[in-house]
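Asker: Let me give you the structure first, and then I'll get to my questions.
The values are calculated or read from the model by the stated rules, or taken from the named source; none is laboratory data. If you're wondering where the values come from, they're calculated on a predicted model, not measured in any experiment. Cβ placement follows ideal geometry from the backbone for every residue including glycine, while neighbour counts extend to all protein chains displayed.
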């Protein structure tokens, strides 16, 4: 179980994530390496069906799951800690009851809702997220992540490839971290699914 963001920050630091933001010189080579400014996630959430761009529902009570691209409000900060000095890190907020899951064989998705609002981080392998009411899909590989917050509505389907390992980390108290909605739909390739360079 993860009860603090510091352990998860350490795990995330080991993930292979890319960025194209401001640059700082490397003390060893003098070369410049990119630093991210903010973290972005493709987010699954439920809401009134008439707000979904792909729904044709006229029932004001109907709920459906949709994709949004979120940028966390917390910005990356330069680490002053020994061992990570000079790197950048950010707080993921209060976390609760993290779970490590491994799929030894492929597992096709069945419709379900997120049990809690949570981060989902891929450590290895890949997955495809589908929505029952939408033909668009989101594919993710190792080092990428999403936020699942569709507690109701039509839910989503996740197809897990064999060899995929994932961390599911609910938000403390079920409280979604402060964020800005960048746009409807999943994060685009230029958003890197992870890092903002704006």
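Asker: Looking at 73, 79, 104, 85, which is the one that is surrounded by fewer than 19 Cβ atoms within 10 Å (Cβ to Cβ) and within 16 Å of the chain's Cα centre (by Cα)?
Answerer: Just a single option satisfies the conditions, and that option is 73.
Asker: Restricted to segment 140-161, and to residues that are in a strand (DSSP E or B) and under 12 Å from the mean Cα position of the chain (by Cα), which residue is surrounded by the fewest Cβ atoms within 10 Å (Cβ to Cβ)?
Answerer: 141
Asker: Would you say residue 186 is touching a strand residue (DSSP E or B) at 6+ places or on another chain (Cβ under 6 Å), crowded, with 16+ Cβ neighbours inside 10 Å, touching a residue at least 60 places away in the same chain (Cβ under 8 Å) and not in a strand (DSSP E or B)?
Answerer: yes
Asker: While we're looking at this one, here's another question. Identify the single condition in (1) over 22 Å from residue 76 (Cα atoms); (2) crowded, with 16+ Cβ neighbours inside 10 Å; (3) modelled with pLDDT of 95 or more that residue 128 does not satisfy, given that it satisfies every other one.
Answerer: (2)
Asker: Restricted to segment 75-120, and to residues that are part of a strand (DSSP E or B) and touching a helix residue (DSSP H, G or I) at 6+ places or on another chain (Cβ under 7 Å), which residue is farthest from residue 63 (Cα to Cα)?
Answerer: The residue in question is 89.
Asker: For residues in segment 162-177 being within 20 Å of residue 69 (Cα to Cα) and without any contact (Cβ under 8 Å) to a residue 60 or more places away in the chain, which is surrounded by the most Cβ atoms within 10 Å (Cβ to Cβ)?
Answerer: It comes out as 176.
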